[in-house]
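Below: the structure, in structure tokens.
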Amino acid sequence: MALTQITPTQTPTQKRGYEYDLAIVGGGIIGLTLAAALKDSGLSVLLIEARVESAAVAKGQAYAVHMLSALIYQGIGIWEKILPQIATYRRVRLSDADYPNVVEFSTTDIGTSDLGYVADHQALLQPLQEFVKECPNVTYLCPAEVVNSQYQQDIVAIDIKIAGELRTIRSKLLVAADGARSPIREAAKIKTHGWKYWQSCIVAFVKPEKSHNDTAYERFWSSGPFAILPLPGNRCRIVWTAPHEEAKALCALDDEQFLKELSRRYGNQMGKLELLGSRFVFQVQLMQSSRYVLPRLALIGDAAHNCHPVGGQGLNLGIRDAAALAQILQEAKATNKDIGDIRILKRYQNWRQRENLTILGFTDLLDRVFSNNFLPIVLVRRFGLLTLQKVPLLKIFALKLMIGMKGRTPELARRI
Ligand SMILES: Cc1cc2nc3c(=O)[nH]c(=O)nc-3n(C[C@H](O)[C@H](O)[C@H](O)COP(=O)(O)OP(=O)(O)OC[C@H]3O[C@@H](n4cnc5c(N)ncnc54)[C@H](O)[C@@H]3O)c2cc1C
């Protein structure tokens, strides 16, 4: 069966009291990844996205994509469509402001050909949209908005607004991939824990005069981490964290003044910088949902957790959630179990909630230890950087943790 992009006049086939095995709310990168990962599962999937396709693609974001995420996309069979459009980095340089001891990670540390990748939002979202349109078991409903859901003993009834009309569909499981504000999580009264940071994050794209040399930089200033990520076309993405007032003031500067400030943080290793397009400021928060599942409901991606952008972890955690949930649902289907049963869903929660908490804690620790001028902490962290550079086992451990190679590996990532 080819793509079924339901138009308002089409009605899904009704089977045994429900129309779909699962409905995924949110066709961002994470919702699409789950739908794609379920391609050969034998499960019927409804994917619902509120924004029109072109608007969803147009987000001016870019992400560090870690090795484990790349392996998951290889396992799904979509990586060859993504790889030509993204940049590969083979070196990461960590430094503490102007302190001369820089920690350099390279492919030789872990014996791989690449360390990671950086992708524009479009370079991930578009191939995923195209892929799910070709999945015979996936119905892609876009634009359409979920406005209500009712959890019953055996099914969940989902009210969807399509072109001004309300339609109710029933499925065995609802998966919320509806972003950080997750209306589905709120309506289900799932509590969250966490805090907003004292910092905001400025995101901008620049073109340096010299080659970026496929190198990613994370430079820690006392005001917050400053990352430079290489992109195709010798562009770079800047993720610049600073206290709210400073971030606001920086964003209000004219281009020339902004570039001057940017160059001070950036260093002169890549020559003169040219600013590409607009810059944006994001609020930064840490959030962990108290539970990832309820009977007939699972949360994935930003709906389940958010973290500080240091280390570019957020999206990658969501990709791992999608791969883990796909594996558990597929195993349940293979043994004729009810995929909405809380005992099945708890396997996903037990797997992902703790692993995500470790990374949330790690990013929080990095930010707090480095966004700090208290002399004893400065001395300890500089000693820590030196140790990291000199002790190979520690260096490999830190690198593997950051790129997702610690923890349980989903089956999808083992397929190649
Ligand atoms: C400044 C900054 C920098 C970052 N850098 C990185 C990085 O380098 N690497 C990294 O891994 N992560 C990074 N992240 C994190 C990353 O952006 C997020 O983790 C990721 O985008 C979350 O994807 P998602 O699909 O879960 O949510 P979203 O992208 O928010 O998608 C949710 C989707 O759900 C849809 N939706 C919502 N409600 C409904 C509804 N009722 N019905 C239908 N559809 C609905 C929305 O339209 C949307 O398309 C960064 C974040 C920030 C703020």
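When the chain is modelled as a GNM with alpha-carbon springs shorter than 10 Å, which of L345, L386, L375 fluctuates the most?
L375
What does the accessible area per residue of region 195-285 come to in Å², with a 1.4 Å probe and no ligands, DNA or RNA counted?
Using a 1.4 Å probe on heavy atoms only, each residue of region 195-285 averages 46 Å².
Could you tell me how far the Cα centroid of region 93-133 sits from the Cα centroid of region 254-277, in Å?
Centre-to-centre distance over Cα atoms comes out at 22 Å.
Please work out how much accessible surface W351 shows to a 1.4 Å probe, ignoring ligands, DNA and RNA, in Å² rounded to 10.
That residue has around 10 Å² of solvent-accessible surface.
Sort R320, R343, R235, R181 from largest to smallest accessible area, using a 1.4 Å probe on the heavy atoms of the protein chains.
Working: R320 15, R343 175, R235 60, R181 210 Å².
Ranked list, largest accessible area first: R181, R343, R235, R320.
Taking Cα pairs under 8 Å and at least six residues apart, what relative contact order does region 195-285 come out at, in percent?
Numbers: 174 pairs, mean separation 40.6, N = 91.
Reported as a whole number, the value is 45 percent.
Could you work out what % of the accessible surface of region 56-155 is carbon and sulfur, using a 1.4 angstrom probe and leaving DNA, RNA and ligands out of the count?
Of all accessible area on region 56-155, carbon and sulfur atoms account for 45 percent.
Mean-square fluctuation check for the chain, GNM, Cα pairs under 10 Å: which of H193, H305, H212 is largest?
H193
In the structure displayed, which of K272/K395; K191/K248; K210/K248; K133/K333; K59/K272; K59/K81 lie more than 25 Å apart, Cα to Cα?
Table pairs above 25 Å Cα-Cα are K272/K395; K191/K248; K210/K248; K59/K272.
With a 1.4 Å probe and all protein chains kept in place, how much accessible area does T241 have, in Å² rounded to the nearest 10?
Here the accessible area works out near 0 Å².
If the viscosity is 0.692 mPa s and the temperature 37 °C, what translational diffusion coefficient in µm²/s does Stokes-Einstein give for region 195-285 when Rh comes from Kirkwood over Cα pairs?
248
Go through H305, Y217, T358 and say which Cα lies farthest out towards the positive end of the charge dipole of the chain; charges sit on Cβ, +1 for Lys and Arg, -1 for Asp and Glu.
T358
F370: accessible area at probe 1.4 Å, nearest 10 Å²?
20
Would you kindly calculate the mean projected area, averaged across all directions, of the convex hull enclosing the Cα atoms of the chain, in square nanometres?
Details: hull surface 81.0 nm².
Averaged projected area of the chain's Cα convex hull equals 20.3 nm².
What part of the accessible area of region 195-285, given as a whole %, is carbon or sulfur when the probe is 1.4 angstrom?
Details: 2260 of 4220 Å².
The computed percentage sits at 53.
Evaluate the charge dipole of region 161-286 about its Cα centre and quote only its size in Debye, nearest 20, assuming +1 on the Cβ of each Lys and Arg and -1 on the Cβ of each Asp and Glu.
The calculated dipole for region 161-286 is roughly 700 debye.
The values are calculated or read from the model by the stated rules, or taken from the named source; none is laboratory data. Not measured: the values here are computed from a predicted model. Note that each Cβ is placed from the backbone with ideal geometry, even for glycine, and that neighbours are counted across all protein chains shown. Heads up: the accessible areas ignore ligands, DNA and RNA and are worked out on the full protein's heavy atoms, side chains in. Shrake-Rupley method; radii C 1.70, N 1.55, O 1.52, S 1.80 Å.
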